[in-house]
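The values are calculated or read from the model by the stated rules, or taken from the named source; none is laboratory data. Model, not experiment: these values are computed from the prediction. Virtual Cβ from ideal backbone geometry, glycine too; neighbours counted across all protein chains shown.
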Amino acid sequence: MVKIPTRVLLVDDEKDFVEMLSLRLQEAGEKISAAYSGKECLDTLEKTNIDVVVLDIKMPGMDGMETLGEIRKRFPLVEVIMLTGHGSTETAVEGMKSGAFDYLMKPADFDDLTAKLEGARKRKDEQEERIRKAEATLLLRKGGNI
Ligand SMILES: [Mg+2]
């Protein structure tokens, strides 16, 4: 079976971490974009089709929670996995209450990450499918066929 790559945006102020993870995810067949701040994350989402954002909570300037709020507002179909360091698990739970799909503890276990990416991608695909069906139904109704 041909794997359809998940379009992932990695957002973290730690460049080494982003680069290392980009390489591994690319090797695993995913399509990776990178951003190093909350602002850069939002700029990238404007320009690029992304399925899942992997979002660091602790970043200088606009932090992960603030970025998550903007993503939910402006790109509601994009799924978010929060990345937490030591001591920010509570923030991750807050993030999930604000609509993040899940969270991962740093240093992220790769299998754990790919499993969560797959779950997030699946949720997005299903949501988009429901929207397509609803739109098709609406069109039919407007046409007077139902
Ligand atoms: Mg950080």
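Checking the condition closer than 19 Å to GLU19 by Cα and either in a helix (DSSP H, G or I) or within 16 Å of the ligand (Cβ to nearest atom) (or both), which residue from ALA120, ALA115, ALA108 passes?
After ruling out the rest, the residue left standing is ALA108.
May I ask you to list the residues in the stretch 65-90 that are within 18 Å of LYS116 (Cα to Cα) and either within 16 Å of the ligand (Cβ to nearest atom) or at pLDDT below 95 (or both)?
Within the stretch 65-90, LEU68, VAL80, ILE81, MET82, LEU83, THR84, GLY85, THR89 qualify.
Could you tell me which residue of the stretch 91-105 is farthest from the ligand (Cβ to nearest atom), considering only residues that are closer than 16 Å to LEU10 by Cα and free of Cβ contacts under 8 Å to residues at least 40 places away in the same chain?
Per the criteria, the residue is ASP102.
Just name the residue that is surrounded by the fewest Cβ atoms within 10 Å (Cβ to Cβ) out of those in the stretch 1-23 that are in contact with a strand residue (DSSP E or B) (Cβ under 8 Å, 6 or more places away or on another chain) and among the charged types (D, E, K, R).
So the residue we want is GLU19.
Just to check your reading of the model, which residue among GLU128, GLU135 is among the acidic types (Asp, Glu), touching a residue at least 12 places away in the same chain (Cβ under 8 Å) and out of contact with any Ser or Thr (no Cβ under 7 Å at 6 or more places or on another chain)?
Among GLU128, GLU135, only GLU128 is among the acidic types (Asp, Glu), touching a residue at least 12 places away in the same chain (Cβ under 8 Å) and out of contact with any Ser or Thr (no Cβ under 7 Å at 6 or more places or on another chain).
Quick one: count up the residues across the stretch 1-14 that are of a type outside the set (Lys, Arg) and either part of a loop (DSSP other than H, G, I, E, B) or without any contact (Cβ under 8 Å) to a residue 40 or more places away in the chain (or both).
Of the residues in the stretch 1-14, 8 are of a type outside the set (Lys, Arg) and either part of a loop (DSSP other than H, G, I, E, B) or without any contact (Cβ under 8 Å) to a residue 40 or more places away in the chain (or both).
Just to be sure I understand, how many residues within the stretch 1-14 are under 16 Å from LYS58 (Cα atoms) and away from the ligand (no atom under 16 Å from the Cβ)? Break it down stepwise before answering.
Of the residues in the stretch 1-14, the ones under 16 Å from LYS58 (Cα atoms) are 10-14.
Filter once more, so that each one left must be away from the ligand (no atom under 16 Å from the Cβ): none.
Residues flagged as under 16 Å from LYS58 (Cα atoms) and away from the ligand (no atom under 16 Å from the Cβ) within the stretch 1-14 amount to 0.
Please identify the pairs in which a residue from the stretch 55-70 that is closer than 9 Å to SER37 by Cβ has its Cβ atom under 6 Å from the Cβ atom of a residue that is more than 13 Å from the ligand (Cβ to nearest atom), counting only partners at least 6 apart or on another chain.
These pairs meet every condition: MET62/LYS39.
Go through (1) at positive phi; (2) over 12 Å from the mean Cα position of the chain (by Cα); (3) of a type in the set (Gly, Ala, Ser) one by one and return the number of the condition GLY99 breaks.
The failed condition is (2).
Here's a check for you: in the stretch 15-60, which residue that is within 11 Å of the ligand (Cβ to nearest atom) and part of a loop (DSSP other than H, G, I, E, B) is farthest from ARG123 (Cα to Cα)?
Going through the qualifying residues, I end up with PRO60.
Against the conditions (1) under 15 Å from LEU117 (Cα atoms); (2) in contact with a strand residue (DSSP E or B) (Cβ under 8 Å, 6 or more places away or on another chain); (3) surrounded by fewer than 19 Cβ atoms within 10 Å (Cβ to Cβ), where does THR44 fall short? Just the number, please.
It fails just one condition, (1).
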